[in-house]
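Colleague: Pasting in a structure now, in structure tokens, and then I'll have a few things to ask.
The values are calculated or read from the model by the stated rules, or taken from the named source; none is laboratory data. Just so it is clear, the model here is predicted, and its values are computed rather than measured. Here the Cβ positions follow ideal geometry from the backbone for every residue, glycine too, while neighbour counts run over all protein chains shown.
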Amino acid sequence: MPAPALLRRALPWLLGAAALQGAGALTGWLLARRKDEGDDTTAGIRRLRVMAGTELRPHNPELARVRLDLVMAGAEVDLGRVPRVPGGVDLTVRAYLAGAEVRVPADWRVWVHCAGIGGVDVDPRLERTDDERGADLRVHATVVGAGIALEPA
């Protein structure tokens, strides 16, 4: 089969795939406008990303929770400017075919719960704990084909 005929047969499939990805990205952008909450100065932050990325550098001394919903997306969260918070910080990540990198102050204790296919990689330089209530950072992760990396800030 000559190349132009093959291209004519493949073109509708390629255009369909591009349209589907564009529709997914547009839907994600519209959902993010409705669901996103807070910014780097608030005590609670929520981000929803579909086929996009986000960077957070919170610095509120009363930060209580960060929630990331990621679909084919990426996130960077730098907690290095957050002082030790009484009661700790809850980080909830729902990641589907996505990834997140979280920088944690080196003196924080980290507790992790992960469900799904994928995982949470905790740098050995960070102190892990089995005490959920005594942890400075509690990570609640649901992952499908995704990964989360925790490393020192």
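Colleague: Restricting to the stretch 126-153, and then to whatever is basic (Lys, Arg) and more than 22 Å from residue 74 (Cα to Cα), can you tell me which residue is modelled with the highest pLDDT?
Modeller: Residue satisfying both the conditions and the ranking: 128.
Colleague: Answer with yes or no whether residue 48 is at pLDDT below 95 and touching a strand residue (DSSP E or B) at 6+ places or on another chain (Cβ under 8 Å).
Modeller: Details: at pLDDT below 95: yes; touching a strand residue (DSSP E or B) at 6+ places or on another chain (Cβ under 8 Å): yes.
In short, yes.
Colleague: Scan the stretch 128-147 for residues that are within 17 Å of residue 69 (Cβ to Cβ) and either buried (at least 20 other Cβ atoms within 10 Å of the Cβ) or not small (Gly, Ala, Ser) (or both) and jot them down.
Modeller: Within the stretch 128-147, 139, 140, 141, 142, 143, 144, 146 meet the criteria.
Colleague: Quick one: in the stretch 52-82, of everything that is outside any loop (DSSP other than H, G, I, E, B), among the acidic types (Asp, Glu) and free of Cβ contacts under 8 Å to residues at least 60 places away in the same chain, which residue is surrounded by the most Cβ atoms within 10 Å (Cβ to Cβ)?
Modeller: So, considering only residues that are outside any loop (DSSP other than H, G, I, E, B), among the acidic types (Asp, Glu) and free of Cβ contacts under 8 Å to residues at least 60 places away in the same chain, the one surrounded by the most Cβ atoms within 10 Å (Cβ to Cβ) is 69.
Colleague: Which of the following residues is touching an Asp or Glu at 6+ places or on another chain (Cβ under 6 Å) and either within 14 Å of residue 148 (Cβ to Cβ) or among the charged types (D, E, K, R) (or both): 94, 49? I'd like the intermediate steps shown before the answer.
Modeller: Numbers: 49 fails: touching an Asp or Glu at 6+ places or on another chain (Cβ under 6 Å).
The match here is 94.
Colleague: Further, regarding this structure: Among the numbered conditions (1) modelled with pLDDT of 95 or more; (2) on the phi > 0 side of the Ramachandran plot; (3) not β-branched (Val, Ile, Thr), tell me where residue 123 comes up short.
Modeller: Failing condition for residue 123: (2).
Colleague: Pull up the stretch 1-55, narrow it to residues that are among the β-branched types (Val, Ile, Thr) and in the same structural domain as residue 83 (by TED's automatic domain parsing), then point me to the one that is nearest to residue 65 (Cα to Cα).
Modeller: 45
Colleague: Do you know which residues across the stretch 11-51 are assigned to a loop (DSSP other than H, G, I, E, B), under 17 Å from residue 77 (Cα atoms) and under 17 Å from the mean Cα position of the chain (by Cα)?
Modeller: Residues satisfying the conditions are 36, 38, 39, 40.
Colleague: Then there's this: Check off (1) loosely packed, with under 14 Cβ neighbours inside 10 Å; (2) part of a strand (DSSP E or B); (3) in contact with a Pro (Cβ under 7 Å, 6 or more places away or on another chain) for residue 117 and give me the number that stays unchecked.
Modeller: So residue 117 meets the others, but not (3).
Colleague: Say whether the condition of being without any contact (Cβ under 8 Å) to a residue 60 or more places away in the chain and more than 12 Å from the chain's Cα centre (by Cα) is met by at least one residue in the stretch 91-101. So that I can check it myself, show each step before the final result.
Modeller: At the first step, the residues of the stretch 91-101 found to be without any contact (Cβ under 8 Å) to a residue 60 or more places away in the chain are 91-101.
Subsequent filtering for residues that are more than 12 Å from the chain's Cα centre (by Cα) retains none.
Checking the stretch 91-101: not a single residue is without any contact (Cβ under 8 Å) to a residue 60 or more places away in the chain and more than 12 Å from the chain's Cα centre (by Cα).
Colleague: Surrounded by fewer than 14 Cβ atoms within 10 Å (Cβ to Cβ), farther than 20 Å from residue 134 by Cα, in contact with a strand residue (DSSP E or B) (Cβ under 7 Å, 6 or more places away or on another chain) and of a type in the set (D, E, K, R): does that describe residue 101?
Modeller: Numbers: surrounded by fewer than 14 Cβ atoms within 10 Å (Cβ to Cβ): no; farther than 20 Å from residue 134 by Cα: yes; in contact with a strand residue (DSSP E or B) (Cβ under 7 Å, 6 or more places away or on another chain): yes; of a type in the set (D, E, K, R): yes.
So residue 101 does not fit the description; no.
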